[in-house]
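Reading through the C-alpha cells given below for one structure.
The values are calculated or read from the model by the stated rules, or taken from the named source; none is laboratory data. Since the structure is predicted, the reported quantities are computational estimates derived from the model, not experimental observations. Cβ placement follows ideal geometry from the backbone for every residue including glycine, while neighbour counts extend to all protein chains displayed. The accessibility values were calculated without ligands, DNA or RNA, using every heavy atom of the protein model including side chains. Shrake-Rupley method; radii C 1.70, N 1.55, O 1.52, S 1.80 Å.
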Amino acid sequence: MSASITTTGNNSGKRRVVVTGIGAISPLGNDWAAVRSQLQSGRNVIRRMPDWAVYEGLNTQLACTAAPFELPAHYNRKTMRSMGRVAVMATRATEIALTSAGLLGDPFVTGGQMGISYGSSAGTPAAIGDFGRMIAGKSTEGINANTYIKMMSHTAAVNIGVFFGATGRIITTSSACTSGSQGLGYAYETIQSGRQLAMLAGGAEELDAIQAAVFDTLFATSTKNDTPELTPRPFDAQRDGLVLGEGACTFVLEELEHARARGAQILGEIIGFGTNSDGTHVTHPNADTMAQAMRMALDDAGLAPEAIGYINAHGTATDQGDIAESHATQAVFGSTVPVSTLKGYMGHTLGACGALEAWMALEMMREGWFAQNANLTEPDPRCGALDYIMGQARQLDTDVVMSNNFAFGGINTSLIFKRWRE
C-alpha cells in the first residue's frame, strides 16, 4: 500500500521540525534491533509480579518491567542523589538520544537554544510513600532534601536539565497517558514557532503496584494472572483490561536548517500535532473530542485523512477506551486505514507510552512493515469497524503515520510523522 500526500498549505511558513536522535528504555528492549525482534515474534513480554501478591485487594498481578539497562560510571551517588528510577531511566534515555544525534557534550546543549519538554504521570512512588508515612506516623523520619525532588511530577524533566546542563526552557508535561506525546507535541510547537532551535522531548514512567491499584479500583486491569501471554487484548472481544509497563523515551528534535547545517542524520519529521480535552468526565472518554484531536493534527499538517498510511492506536484494552477510540478513528478515517497498538506487547507504559510508541511507529514506517495487534483474534463488534492488523505484521509503503494517545482527565493527543526522503 502506498499513501499519497495531499497538503493544504496550513503549515506554510512555519519552521520544520525533524528528529535527529532517539534514545529509549522499554520492556521490549533498549534499541530498535531488540524491539523489532520482539515485535516480529508476535509475542508479548508480560509477566506475573509475585511481589504484588502481598497487597490485599489488588486483583491484578500482571505487569511489564523495562528491559535491563546499564549505567556508565558517571551515574554515581553524587549525580543521582535527586533521582528515583523514573528520572534515571529518563536521563539515560536522553543520554542515548544525544549520542545518537551527535550532540552529547556539545556546547549547544548548554547554550540556551536547546530546551526540554518531558513528562511522567508522577514521580517515584517510593518517595511519595515516604511522605505518606510522615502523615500516618506524624514524623519526618526518612525524609531528606531530595525526597520531594524524587516525588514531584516533573522530576524527569528537571533531572535531565541538571544532568546535561541544559539552560533553555523546560516544559513539564504531567498528563498521565499523554505525558510523552504532549512532551513531543509541545516541543514541536516550540521549535516551529522559533522559540528554541532544538528540544529534548518525551516521557518516562516507573512501574509500581500503586499505579496498578489506581486502575484496579476502576475495574480496568486484566486479571488473567495465570496466562500473561494472552493479555492484554486491545480491541478484542475477550479483553478484560490493561496491563501496566514502564520505560522512557527521548527524542532530539531540531529545526530543519539547524540540523542540516551541522550535518545531522535525520530520522524523520514531525508535521502535525493536535491536543484538546473532553471537558466532560475524568475517566469516561469522549469519541467526539478524540476525533477532533486527530482532525486538528491533520489540519496542522495540511493533510487529508487519506494521506495517513498507518495509525498507531492508544489501544489500552479497556472497555470504554477501546470502543470510544475506535469509533473516533472510524469517524475521521473510515474503515480502510491500517491500525495497530503496541500495548499488547509491552503493556501500558503510562507517561512513557506516547514517546515509546511514536518511536516504534516511526521506525516501522522507515522499514515499511507494521506489527500486528498482539492477542487480537476476534475484534469486539462494539468497537469501530477498522482495518486492524491481525495475525502477522503487514508490509506497507507509506510516508506518513499517525500516533494517538488519550489520557485520564479527557486529554487527547495526535501526532503525525513523515518519512525523511530528502
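Just a few scattered comments:
- When residues of the range 171-206 are limited to those that are in a loop (DSSP other than H, G, I, E, B) and among the charged types (D, E, K, R), the one nearest to M360 (Cα to Cα): E206
- Here the helices (runs of 4 or more DSSP H) wholly within the range 60-170 that include at least 1 residues being open to solvent by less than 50 Å² (accessible area, probe 1.4 Å) and within 28 Å of A264 (Cβ to Cβ) are 85-101, 107-110, 155-164.
- Count of residues meeting criterion [surrounded by fewer than 24 Cβ atoms within 10 Å (Cβ to Cβ) and of a type in the set (D, E)] in the range 323-370: 2
- Search result, residues across the range 250-282 that are under 11 Å from R16 (Cβ atoms) and of a type in the set (D, E): E254, E255, E257, E269
- When residues in the range 221-242 are screened for being outside any strand (DSSP E or B) and out of contact with any helix residue (DSSP H, G or I) (no Cβ under 8 Å at 6 or more places or on another chain), 12 of them pass.
- Out of G315, G272, sole residue that is under 27 Å from W369 (Cα atoms), open to solvent by less than 10 Å² (accessible area, probe 1.4 Å), small (G, A, S) and in a strand (DSSP E or B): G272
- Near pairs, Cβ below 9 angstrom, 6+ apart or cross-chain, from the range 387-398 (of a type in the set (D, E)) to any residue that is open to solvent by less than 20 Å² (accessible area, probe 1.4 Å): D387/V337; D387/P338; D387/V339; D397/A3; D397/G309; D397/G368
- Boolean, G354 is modelled with pLDDT of 95 or more, assigned to a helix (DSSP H, G or I) and in contact with a helix residue (DSSP H, G or I) (Cβ under 6 Å, 6 or more places away or on another chain): yes
- Within the range 371-422, being part of a loop (DSSP other than H, G, I, E, B), open to solvent by less than 30 Å² (accessible area, probe 1.4 Å) and at negative phi holds for A371, Q372, N373, A374, L376, D380, C383, G384, L386, I389, L396.
- Of all residues in the range 22-41 being assigned to a strand (DSSP E or B) and either touching a residue at least 40 places away in the same chain (Cβ under 8 Å) or open to solvent by 40 Å² or more (accessible area, probe 1.4 Å) (or both), the one that is nearest to A66 (Cα to Cα): S26
- Some residue of the range 207-218 being outside any helix (DSSP H, G or I), over 19 Å from L350 (Cβ atoms), open to solvent by 20 Å² or more (accessible area, probe 1.4 Å) and among the hydroxyl-bearing types (S, T, Y): no
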